[in-house]
1. Given the options 53, 129, 4, identify the residue whose Cα lies farthest towards the positive end of the charge dipole of the chain (+1 on Cβ of Lys, Arg; -1 on Cβ of Asp, Glu).
2. Just how large is the dipole of the stretch 156-218 about the Cα centre, in debye to the nearest 20, putting +1 at every Lys and Arg Cβ and -1 at every Asp and Glu Cβ?
3. Please state the charge dipole magnitude for the stretch 1-99, taken about the Cα centre, from unit charges on C-beta atoms (+1 on K and R, -1 on D and E), reported in debye and rounded to the nearest 20.
4. Can you bin every Cα-Cα distance in the stretch 4-142 into 5 Å intervals starting at zero and give me the percent of pairs per bin, rounded to whole numbers?
5. Kirkwood Rh over Cα pairs of the stretch 156-218 into Stokes-Einstein at 10 °C, 1.306 mPa s: D in µm²/s?
6. Give 38/80; 156/210; 65/172; 156/195 a once-over and call out the pairs whose C-alpha atoms are over 20 Å from each other.
7. Which value, in debye to the nearest 20, describes the size of the charge dipole of the chain about its Cα centre when Lys and Arg Cβ atoms bear +1, Asp and Glu Cβ atoms bear -1, and nothing else is charged?
8. What is the stretch 156-218's relative contact order, in percent, from Cα pairs under 8 angstrom and six or more apart in sequence?
Amino acid sequence: MNPVKIILADSQILFKEGIRSVLNNASDYTIVNSVDAKDELFSILNNPHPDSLLIIDPSQLNGFKPIHLRELINLFNAAKILVLTSNAGRDNILQILTTGINHFLLKTCTANELLNALNAIIYNEKYLCREAIEVLLEKNISSSVIKNPEQPHLTKKETEIIQWIARGMTTKEIAAHCFLSIHTVNTHRKNIFRKLEVNNTSELVMFAVKKGIVDTTEYYI
């Protein structure tokens, strides 16, 4: 089996050398491109890289701003992106997850966690490191959780749909899986968001994890 190709985007030279060492020892991966600036990365990604994975720290890539995340996803499959960052702020983590990126590590992770995250990408699984989950759960997801600590009443179908949303399924996929119309699934989603008083999918998932509706093992190996 040929090594999996990695594009590494980060301006921290010593850090990149550390990643290179970990991947060389694993032997299953090889770094084919290493860049330290947004323009250089986007230039590379203008050409198709169907067999490559991207490791990026948005906060340490010269010229890269949060608004460029969605532009990046238009150039490169979000399912093959691993964000590996030193920015452990809750808002930063949520902002990244709401773009559709499902693989997230903090730079305080171990070499094994890095390899687990890369394996998760290969096997189309999500990976959110335990430390990031803990950061997200440190504060209540919304003011409604503080005002009403009791879990709002959810129907069996609403709970099921939350679980499918947490697994990354689209409305169309949920409809097909549950033998429902897309309109019905959208109605359930609206009711769920209204009952839980959450504003986006990331807040919904973190609320579900906090309340035990979704197991944290859905988000890390």
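1. Value: 129.
2. 220
3. Working: 8 positive and 10 negative charges, 33 e Å.
In total the dipole reaches around 160 debye.
4. Taking every Cα pair in the stretch 4-142, the percentages come to 2, 10, 22, 25, 23, 13, 4, 2, 0.
5. Numbers: Rh = 11.6 Å.
D = 137 µm²/s.
6. In this structure, 65/172 lie more than 20 Å apart at Cα.
7. Numbers: 23 positive and 23 negative charges, 148 e Å.
In debye, rounded to 20, the chain gives about 720.
8. Details: 41 pairs, mean separation 23.8, N = 63.
38 percent.
Values in this text are rule-based calculations from the coordinates and carry no lab data. Not measured: the values here are computed from a predicted model. Don't worry about glycine lacking a Cβ; one is built from the backbone with ideal geometry, like all the others, and counts go over all protein chains shown.
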